[in-house]
Amino acid sequence: MSHRPPISLGCVAGLAALLAGCSASTEVSQGGNTPSQYQHVWITTQDVWFNRSATAGPDDAGWSQYSLSTPTTIDLVTLNSGNLSSITSGLRIVPGTYSQVRLIPLDATAPLASSAQNAGALYNSEADWVDSSGTTHQLPLELLNPDKGIGIQTSLKVPVGSIGKALGSGSGTLGSEGSTTTGTTGFGLGTGSTSTTTGTTGFGLGTGSTTSGSGTTAQNSYAVFLDGTTDLVPFTYASHSDGTGIDGIMLSPHGSAYDLSQSGGISGQLTLTNITTSTSGLPAIQVSAETLSTDGTRHQVVITTTVQSDGSFTLYPLAASTNGVYYDVVIHGPGIATIIIKSVELVLPSTSSSFFGHTSSSTTDDTTTATTTSSTTSTGTTNTSATNVVAIGTLTPRAATSYTANLATSPAATLPAGAAVKFYQTLGGQGEVPYVIETSPIDPFNEVLFAPQALSQQTIDSGTWSSTGTNVTVVSAAPVEGTGNYSVAASAPSYNDATFIHLTGPPSSSSPPATPVTVTVPALTLASPATSGSLTALVRVATPGKYDQGEILVSQNGTLVATALLDGALAGAGGTVTVSGLPAQIAGAIYYVSVRVWNSSAPADTLQREWYPTAIDLSGSARGSITLTVN
């Protein structure tokens, strides 16, 4: 009779660790929106990271990092109207609640990935932008410190998956030598032979042989969402002989992430009779889901989608719950009268089942739900299964004339480089607050809008959604601001929303004025408890005289925060540049720096981008410093 050693505490601890590591297979998908003037926006991802801390920087501890065996290239344009495309699947993530997801992209300057080449891209990160004359500009999409990735705060609960599947992968046996145990909860103990365990919760543990197991697994499905309306930033850094042109497009993401088992969507259909399409063939109409801001002074956009050529649209994914989550839907564009549908409710079905803390839902009400079918792209399958989709029916927008607006060229208060300007209108009625109608990020190098924002001069159609599934009845009325007028304010992460300023449009006319109406928006103030911080950069120039103009760009989680001119430091062998007004002394105030430099005699030929790996941590201090060498 062979000697059988006792089970040690270390063995029990190993079993506990193994149990803690059980996880269902996890898929991470990409969702997004791009305005109609984009033909393609390719982003290539090479890694996906998870962290339990919402404020962890990319160099901090606690990251669960997953490198893709092959980088994945996704075209954001194909994700309009609720489509999702898989970044990666089959991840085994340690169960728990994660407060941050980080995507690590491949820069446009990196060797072209096979997935990008197969998609037809020239660069790993690329934006194909169509100007007003119909000319396509195929441009590298500029990323800020791409090696540090795109950080997205969220709350994703990774549940415990199939115990049989996870434990069956261990080594060793439990049972008598040479025995085989089969069953739902069976197991064997031993030291020398092979035992096979099959069942939902069966497992083996030991020191000598191999145990295999199988069991039921649940698929976790999460999606990250990027909104190109705010996140794609066209810019011009040098003057053009004809006074026009585009120099580049920057990705400054303000992403969100969703557990698809806790999500729903909103779909609708527009009758586009007599509505003019854009140069891309799509109508210049977008649809936004909006909720009330925390302070209750205005509405804020949750996600946006672009209306398709057939007039259909789907807003997905949106957070839903069994108790119901309400959204107001804003359908807007310069060529239509804005439509606002209030109080659209997303409710998770009550017939949901829980699997080790993970909730999966099924839908049974055909009158208020829809499913978007899957399609195939050049980079793989678009895994769209937009469940719990509420249909708001068919709407017919009224045509409208428009005019354009821009910031004054010499604003009294300079906005942060990462700010966006929002144009609001307010419905009549007690308790109504402004809705976001149009949004445009500022050109960070010129501190105005790259292209003047086109604004509708029509009244607003509005109505309230009904759970009966019938078409919504709308009524037309002028906004509180007046027909064709808007309230305007800027916004930026870590800043308070600014006070509104009134924008009066030109008189309605079939021929809009050629010169944009200008507006100076109030300054932004830092949101409490942030204080105003500064970064001092000691700039060293490797070759004096090679460049004479440039900008230093400060980013957080891949999002632009501030810029400062480098011209003075480039004039000689270097110098000191100070970036002021950075949100400081708050958790997560971790910044990275990149630069763009060029020679004014030939800007396009001499443009150089560099980024630096040193973190500037202002979470506990109001001052930081860095030394930069411009090569």
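The values are calculated or read from the model by the stated rules, or taken from the named source; none is laboratory data. The structure presented is a predicted model; accordingly, all values stated were derived computationally and were not measured. Neighbour counts run over all protein chains shown; Cβ positions are idealised from the backbone, glycine included.
For region 537-581, give me each residue that is of a type in the set (A, V, I, L, M, F, W, C) and out of contact with any strand residue (DSSP E or B) (no Cβ under 8 Å at 6 or more places or on another chain). Scanning region 537-581 gives a single hit, Ala571.
Contact map, region 573-590: residues that are in contact (Cβ under 8 Å) with a residue 60 or more places away in the chain paired with residues that are part of a strand (DSSP E or B) and surrounded by fewer than 23 Cβ atoms within 10 Å (Cβ to Cβ), Cβ distance under 6 Å, separation 6+ or inter-chain. Pairs shown: Gly581/Ser532; Pro583/Leu526; Ile590/Ala615; Ile590/Asp617.
When Ile460 is tested against (1) surrounded by fewer than 16 Cβ atoms within 10 Å (Cβ to Cβ); (2) of a type outside the set (Ser, Thr, Tyr); (3) modelled with pLDDT of 95 or more, only condition (1) is not met.
The residues of region 239-261 that are over 10 Å from the mean Cα position of the chain (by Cα) and at pLDDT 70 or above, listed by number, are Ile246, Asp247, Gly248, Ile249, Met250, Leu251, Tyr258, Asp259, Leu260, Ser261.
Screening the candidates Ser534, Ser491, Ser508 for the property of being surrounded by 13 or more Cβ atoms within 10 Å (Cβ to Cβ) and out of contact with any strand residue (DSSP E or B) (no Cβ under 8 Å at 6 or more places or on another chain) yields one hit, Ser508. Taking the condition in a helix (DSSP H, G or I) and over 26 Å from the mean Cα position of the chain (by Cα), does Gly568 pass? When the stated conditions are applied, Gly568 passes them. State whether the residues of region 515-527 include one that is at pLDDT 95 or above, in a loop (DSSP other than H, G, I, E, B), touching a Pro at 6+ places or on another chain (Cβ under 7 Å) and not basic (Lys, Arg). Scanning region 515-527 turns up no residue that is at pLDDT 95 or above, in a loop (DSSP other than H, G, I, E, B), touching a Pro at 6+ places or on another chain (Cβ under 7 Å) and not basic (Lys, Arg).
From the list Pro434, Pro452, the one residue that fits, being of a type outside the set (A, V, I, L, M, F, W, C), touching a His at 6+ places or on another chain (Cβ under 7 Å) and in contact (Cβ under 8 Å) with a residue 60 or more places away in the chain, is Pro434. Restricting attention to region 555-565, the residues that are surrounded by fewer than 24 Cβ atoms within 10 Å (Cβ to Cβ) and assigned to a loop (DSSP other than H, G, I, E, B) total 0. In region 543-554, the qualifying residues are those that are surrounded by 16 or more Cβ atoms within 10 Å (Cβ to Cβ) and of a type outside the set (Asp, Glu), and the one that is nearest to Gln100 (Cα to Cα) is Val554. Among the residues of region 244-270, the ones that are more than 30 Å from Phe50 (Cβ to Cβ) and not acidic (Asp, Glu) come to 8 in all.
Yes/no per residue for (1) surrounded by 15 or more Cβ atoms within 10 Å (Cβ to Cβ); (2) of a type outside the set (A, V, I, L, M); (3) out of contact with any Ser or Thr (no Cβ under 6 Å at 6 or more places or on another chain):
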position	(1), (2), (3)
Ile303	yes, no, yes
Ser309	no, yes, yes
Thr314	yes, yes, no
Ile339	yes, no, yes
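Yes or no: region 155-174 includes at least one residue that is within 21 Å of Met250 (Cα to Cα), surrounded by fewer than 22 Cβ atoms within 10 Å (Cβ to Cβ), at pLDDT 90 or above and polar (S, T, N, Q). No: zero hits. If you go through region 54-77 and keep only what is more than 23 Å from Leu112 (Cα to Cα) and hydroxyl-bearing (Ser, Thr, Tyr), you end up with Thr55, Ser64.
Only one of the numbered conditions (1) surrounded by fewer than 22 Cβ atoms within 10 Å (Cβ to Cβ); (2) under 32 Å from the mean Cα position of the chain (by Cα) is not met by Arg540, and that is (2). The number of residues in region 53-107 that are over 30 Å from His40 (Cα atoms) and in contact with a Ser or Thr (Cβ under 7 Å, 6 or more places away or on another chain) comes to 9. For region 104-136, taking the residues that are of a type outside the set (A, V, I, L, M) and either closer than 19 Å to Asn557 by Cβ or touching a Gly at 6+ places or on another chain (Cβ under 9 Å) (or both), the one that is surrounded by the fewest Cβ atoms within 10 Å (Cβ to Cβ) is identified as Asp131.
Each residue in region 591-607 was checked for being more than 30 Å from Pro493 (Cα to Cα), of a type in the set (Ser, Thr, Tyr) and either out of contact with any Lys or Arg (no Cβ under 9 Å at 6 or more places or on another chain) or free of Cβ contacts under 8 Å to residues at least 24 places away in the same chain (or both), and 2 of them qualify.
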